[in-house]
Amino acid sequence: MQSIPEEWRENTSTSATDGAADKGMQPWEGHTLFQRNGSSGGGLTKGGSEDAGHPGKGHGKGAEADRESLMMELTRLVQKTVKESSWWERRGVDCTILAAAFISLPLAFFLLSSSQVLLFSLGMLVMGVAHAIITIKGTHLASHGSLSESQAWGEFWAVFFIEVCGSFTARAGVQAHIKMHHAHTNVIGLGDSSTWKIPFLPRSIYLFIAPLAVPIITPLVALGQLKSHSVTQAVRTVAMVTLGLYSQYWLLLNLSGFQSPASALLCMLVCRAMFSLPYIHVNIFQHIGLAMFSPTRRPKRIYQMTHGVLNLPRNPLLDWTFGHSLINCHVEHHLFPFLSDNMCLKVKPIVSKYLKEKELPYQEDGYLSRLRLFFHRYQEFMVYAPPITELVGVQ
Ligand SMILES: [Zn+2]
């Protein structure tokens, strides 16, 4: 059965997130992890509701209607493709990739019990790749509630992937990614990616050394986030994170036969840090250095996302471990955040063709080109405050 996101229905009103922000409420002042009946992190809304809460626009009605129709027209094209897609295309492919990662874990533990260097190294590789698929692709899709059409299951998967597997708090993770990053992409002070900046670190340390500490820093940051949680949520998060970390540690000692706690912990660190460098790189490459917007003069959604988001080229390893929505379909993901990785890939030709036809940006750059850019302009991008972009005529 095809489920159409609430955002695609007629008569939707201003997003719950924006509404909460307008009233000075915390986005988390609700009871559930996902708010299906709203933008759920930057989904589409129809008609004028798209820009409710975006003061500062004051142009002719005709021009307004023209711009309005761009997003609606693109939405109709994408919606048609989604409606024609099977469950396998919408969720099956991505669920199978995640399942394959879990199924490969016994093999990884078995290979890690080998005394032969080659087999042992292969075990590390399998576990590192599986861990990346589960904790990057899995947590990202789970944070969007894209793994299930049921809200209850969506919340279960978010806790499982983000807390048990990803050692972070589901509540803070969804808030940071969905309610801030997606809802306020490249808006200064809200979704400006400044949380990724550590300006006191030199560029080489930031880009090539510090990311290796991500597996250690993540649970520590999660602990710091618990003060804003209720006691029940905090206890659950601590229990889930401990369960995830301790089960891997226990299996390394008891299944793979590691002789000492230190060697098991070192193995965990290597596997968990295997994709930390591209993880940090990808997170900064696709937004920082692009157009940034003022909270009071933000452009309409289609301009915000086409100017503030960039796609990297396809890369077989990263497509699998991170997912298309984080690599080569990031623009599509920001325009339609409820689509799975496989559906983002399927609608990519439609979106890119449409944006090019309408002479809107469709920003793409290579991984190494982006790395060179950040290395040479590190101060400008990662230390100084970004300048605000005024898209004349479209705010
Ligand atoms: Zn996302």
* So how much slack lies between residue 76 and residue 377, counting 0.36 nm per residue of separation and subtracting their Cα-Cα distance, in nm? -> 104.4 nm
* **Ranked by how many other beta carbons lie within 10 Å on average, peptides 342-348, 103-109, 258-264 from highest** => 342-348, 103-109, 258-264
* Structure fact -> the range 253-395, convex hull of Cα, quarter of hull surface, nm² -> 11.9 nm²
* To do: State which entries of 80/358; 137/197; 80/179; 137/358; 137/227 exceed 29 angstrom in Cα-Cα distance in the structure shown.
  => 137/358
* To do: Only residues of the range 259-285 count here: report those whose backbone N is under 20 Å from the spot 7 Å along Cα→Cβ of residue 209, or say none.
  => 269-270, 273-281
* Which of the peptides 144-156, 313-325 is most tightly packed, and how do the rest follow, judged by the mean count of other Cβ atoms within 10 Å per residue? -> 313-325, 144-156
* Asked: Working out 0.36 nm times the residue gap between residue 360 and residue 150, then minus their Cα-Cα distance, what length gain in nm do you get to one decimal?
  -> 72.1 nm
* In the range 201-311, how does Rg compare with the Kirkwood Rh, expressed as the Rg/Rh ratio over alpha carbon atoms? -> 1.11
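Any read-out appearing in this document is the output of simple, stated calculations on the displayed coordinates, not a laboratory observation. Because the structure is predicted, anything quoted here is derived from the model rather than measured. Glycine gets a Cβ as well: all are built from the backbone with ideal geometry, and neighbour counts include every protein chain shown.
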